[in-house]
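Before any comments, here is the structure.
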Amino acid sequence: MRTEDAPLIRLEDYRPSDWLIDTVDLDISLHPTKTRVRSLLALQPNPAGRPGAPLVLDGDELTLKALALEGAPLDAAAYAASPQGLTIHAPPQRAFTLTIDTEIDPSANTKLMGLYRSSGVYCTQCEADGFRRISYFLDRPDVMSVYTVRLEAEKAQAPVLLSNGNLVAAAELPGGERHFAVWHDPHPKPAYLFALVGGALDHVRQDYVTAEGRKVELAVYVEPGKAGRAGWALDSLERCMRWDERVFGRNYDLDVFNVVAVSDFNMGAMENKGLNIFNDKYVLADPQTATDGDYASIEAIIAHEYFHNWTGNRITCRDWFQLCLKEGLTVFRDQEFSSDERSRPVKRIADVRMLRSTQFSEDAGPLAHPVRPRAYKEINNFYTPTVYEKGAEIIRMLKALIGDGAFKRGMDLYFERCDGTAATIEDFLACFSEASGRDLSHFARWYEQAGTPTLVASGQYDGAAKRYTLELAQSTPPTPGQSEKEPMVLPIRLGLVGSQGDLPLKTGSRAYSGDGLVILDRASLSITFEDLPEAPIPSLLREFSAPARLELDLSDGELIRQFAQDSDSFNRWQALQSVATRALTTAGRAKAERSALLVTARALGEALDTFLRRDGLADPAFAAQVLRLPAPADIAREIGRDVDPDAVFGAHRALSVAIGAALLPRLPGLRDALSSQRTFSPDAASAGRRALRNELLGLMALAAPAEGAALCEAQFASADNLTDRLAALAAMTLVPGAAREALIGRFAELYSGEPLVLDKWLMAQALIPESGTLERVKRLMQHPAFSLGNPNRVRGLIGGFAANLTQFNRLDGAGYGFIADIVVALDRANPQVASRLLGSFKSWRMLEPVRRRLAQDALGLVARTPGLSRDVSDIAERTLA
Ligand code: B3K
Ligand code: ZN
């Protein structure tokens, strides 16, 4: 179905289901191509629905085999069945049961939605609307049912049979070749949380006792032979369960918690009740096959899915417009967990980098949408950085606005009041309104209004009066469908930095709510601070307290002073980023400005040199973040119009080389000081040392290619872990030549049996900013390590290329054409992966006219392809609109 034919689903059209399903008894006999599903539904009319309404069940590519009402086969005239739905025209207006038999082919399911097979393992993915690919159902999140699931399979093929809830029975069937297992989940849930797994899997397990005293068996299932890589996930699971008990008072509620890793998965992981299914990339880890970044991601995603048990499963969403109710809140919870487990400022910096690169860019382009969208054609296209990351920022702002105590009371009230329900943003905010005694209706605009607000600030110091006046003004740019914007509620954490540190904040302004927090809730505001002995440097949006763009006119000298003196680590980091961003946007706009860039490079080089000398080793993870410049794509977004990616990249490269050159005398010594003789450990402190050491390696490769390349080779040869080997490879990609190609070859040999590691190898090559990269990527598509059928391989190689600023945006348009062709080819097999990839075009409008035209042509080509999926045509149309 093309999108113009697909209905636009609107929030305002929501109405409760006419029918409810109290219990679901599933009997599933697993077979690679002919899986039989019998579903017994206990239905009743919904008192909140329309009396006398027909029963309209959702389906997707289903074949109906049999249908019975209270055990009796239904007359053909009484119903209408198609692959896309099943309607009972005049069902009894009372409680009744329906038995539905369907047959499905998991092996042919390349969309990876519903029931499919991944490397011989049966698994499911039902969010958002995959259950309807298994059986006809009321596939909507506000229909919640109690499930009992009987799974049957050949023992040799699927010795492990898992579903949601607790295991209630399991046995061999007569003859000994087949067996079955029965799982019961006492917690009512929507169909999107249903899951099953069947296959030959190894596992690691551990007992756990909740703070409330419940005994739980935790297990992580992986492909045979990989149990040695499941320990970190299990360890992360135990830690996040304890954390949720301690920080949010949430205990686990079943006797079993299973995690299963599969190798073909459309996204990161899925929070099915009691049976989380993961992309194996976010479970498997050992020092030889996972980087420090992987260890951190596994910890965060294990926590994210586990935290959904309360924020998502116990309290789910009334409809998919409320997606941020579970996703934004759960991202906030996983960010807080990682901050407590690791370094809070470093985690915040990493999260803000990601927010800016993914969400700010989305907000600035044609795919911008509110955190709670008002309409959609394909819901799977709304699992976006806006819903997830900006959604999490809203929770963070809410906490800042009402304070920690009221936030905790509000969360407790939410858990108590909404438990077992399918809730809305309004239900959620009402809890915080009550807990804080504040009217949050203005704050709620964050859910409705798309676009990144710009905060413009300027300050004036009156030396005679010892008074400092800060002018603050906000505005939000127009976004698709929303041209007029209202002022937002911006919580602005601030400090005034003097030569000896923070100056006291004395003001009578009502916008100042104490504790260094100003609330800007109108278009502009002026605040006067008294009794200031010296002209301060304003430190605004400390901890990045609101997801806004800040325009503050400080000189490079003032920013560098702020870097040295600010008590807020985030703003120390931000100060140098701001210096670099200003220089790079200027130089990236007009190539002639390179001389100014070199002046900035000198100033930045000196500041960094002093920093590294004084306290670079005190917090290496922070130092690594300080050394890393904003990415070229960030600079392109800041420039915002008529962007020439080559000019941006050239400026970025010139600044990096100049900084590297300035630091060169110090780099080898620092690297030596950071070398560790101890055995590998994935902890945050050790990872921080590796991060800084590898950041320095990248600078050396740029500033002194010959020495840098030799160091890369040496590091590759001596490394005892993947982080250091991959960093050597990545730094080496900056130095063209035979040595680079040799290292690329050695890496592939070393990791020939490791698909997840080879994904990184594919990506490192796809990101090489040279004109030969497109040909290289095409060659690599023929490499045995690549397959268009596996989402991780596609994201590694093809996704890597689409993120290569200069090569995706080649001046001949070949980069666009290549991605467009792949999107069309992929769409036939897996629309979700195809539409994600098409999202790479989201910033096309900010390009200079020649590239803009070429990108538009490629998008037009995709949009005009006959037979596109709803996923891809929706993105194509909105991107072009
Ligand atoms: N809830 C899932 C995402 C489902 C995506 C559906 N297209 C994972 C998560 O956010 O935890
Ligand atoms: Zn989630």
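Computed from the coordinates by the stated procedures, all read-outs in this text should not be read as laboratory data. Not measured: the values here are computed from a predicted model. Positions of Cβ are backbone-derived with ideal geometry, glycine not excepted, and every protein chain shown enters the neighbour counts.
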Relative contact order of the stretch 37-187: what whole-number percent is it, with Cα pairs under 8 angstrom and at least 6 residues apart?
-> 21 percent
Dipole moment magnitude, nearest 20 debye, the chain about Cα centre, only Lys, Arg, Asp, Glu C-beta charged = 1360 debye
Per residue, the convex hull enclosing the alpha carbons of the stretch 74-218 has a volume in Å³ of 172 Å³
Efficiency of FRET from Cβ geometry, residue 374 and residue 154, R₀ 56 Å, rounded to 0.05 | 0.70
Give the residue from 797, 90, 195 lying farthest towards the positive end of the charge dipole for the chain; charges sit on Cβ (+1 for Lys and Arg, -1 for Asp and Glu) and the dipole is referred to the Cα centre.
-> 797
When the distances between all Cα atoms of the stretch 458-541 are binned every 5 Å from zero, what whole-number percent does each bin get?
-> 3, 14, 24, 22, 14, 9, 6, 4, 2, 1
In whole angstrom, how long is each semi-axis of the equivalent ellipsoid of the stretch 751-881, when you take the square root of 5 times every eigenvalue of its Cα gyration tensor and sort them from largest down?
-> 24, 18, 10
Would you calculate a helix-derived [θ] at 222 nm for the chain, using -39,500 (n - 2.57) for each DSSP H run of n ≥ 4 and dividing by the full residue count, to the nearest 500?
-> -12500 deg cm²/dmol
Residue by residue through the stretch 772-778, the couplings from Karplus 6.51 cos²θ - 1.76 cosθ + 1.60 with θ = phi - 60°, in Hz, x for Gly and Pro, are x, 5, 4, 5, 4, 4, 4
Residue order, fewest to most beta carbons within 10 Å, for 144, 270 = 144, 270
Phi-based couplings in Hz for the stretch 369-376 (Karplus 6.51, -1.76, 1.60; Gly and Pro marked x) | 8, x, 4, 10, x, 9, 7, 8
Of 252, 429, 784, which is farthest on the positive side of the dipole of the chain, counting Cα position, with +1 on Lys and Arg Cβ, -1 on Asp and Glu Cβ, and the Cα centre as origin?
-> 784
When 833, 216, 371 are ranked with the fewest other C-beta atoms within 10 Å first, the list becomes 216, 371, 833
Could I have the simple spin-label model distance between residue 614 and residue 66, label points 7 Å from Cα toward Cβ, reported in nm to one decimal?
-> 8.0 nm
What is the distance in Å between the Cα centres of the stretch 291-362 and the stretch 166-222?
-> 26 Å
Calculate, in nm to one decimal, what residue 108 and residue 10 gain on full extension: separation in residues at 0.36 nm each, minus their alpha carbon distance.
-> 32.0 nm
Fully extended contour minus Cα-Cα distance, from residue 778 to residue 255, at 0.36 nm per residue | 183.3 nm
Starting from the stretch 155-250, pick out the GluC sites (Glu not before Pro) whose DSSP state is loop and whose Cβ has at most 14 other Cβ atoms within 10 Å.
-> 177, 212
Computed over the stretch 201-314: relative contact order in percent, which uses C-alpha pairs under 8 Å that are six or more apart | 25 percent
May I ask what percent, to the nearest 5, of DSSP beta bridges between residues of the chain are antiparallel?
-> 80 percent
Hey, could you get me the Stokes-Einstein D for the chain, Kirkwood radius over alpha-carbon pairs, 37 °C and 0.692 mPa s, rounded to whole µm² s⁻¹?
-> 113 µm²/s
Among 123, 240, which comes first, then next, by fewest other beta-carbon atoms within 10 Å?
-> 240, 123
Given 226/377; 408/466; 111/226; 273/399, the pairs whose alpha carbons are separated by over 32 Å | 226/377; 408/466
Nearest-0.05 FRET efficiency for residue 416 and residue 96, computed from C-beta distance (R0 30 Å) = 0.30
According to a simple spin-label model (label point 7 Å from Cα along Cα-to-Cβ), what is the distance in nm between residue 661 and residue 880?
-> 4.7 nm
Each residue of the stretch 434-444 in order: what ³J(HN,Hα) in whole Hz does its phi give by Karplus 6.51 cos²θ - 1.76 cosθ + 1.60, θ = phi - 60°, with x for Gly and Pro?
-> 5, 5, 9, x, 10, 7, 9, 5, 5, 4, 4
Full-stretch length increase - residue 200, residue 685 - with 0.36 nm per residue and alpha-carbon distance subtracted | 170.9 nm
Convex hull volume per residue for the stretch 201-314, taking Cα atoms only, in Å³ = 93 Å³
Please work out the FRET efficiency for the pair residue 75 and residue 404, using the Cβ-Cβ distance as r and a Förster radius of 51 Å; give the result to the nearest 0.05.
-> 0.25
Lys/Arg Cβ at +1, Asp/Glu Cβ at -1, dipole of the stretch 1-131 taken about the Cα centre: which of 128, 80, 63 is farthest positive-ward?
-> 63
May I ask you to derive the relative contact order of the chain, considering only C-alpha pairs under 8 Å and at least 6 residues apart, and to give it as an integer percent?
-> 9 percent
For the stretch 437-465 and the stretch 545-598, compute the distance between their C-alpha centroids and round to whole Å.
-> 21 Å
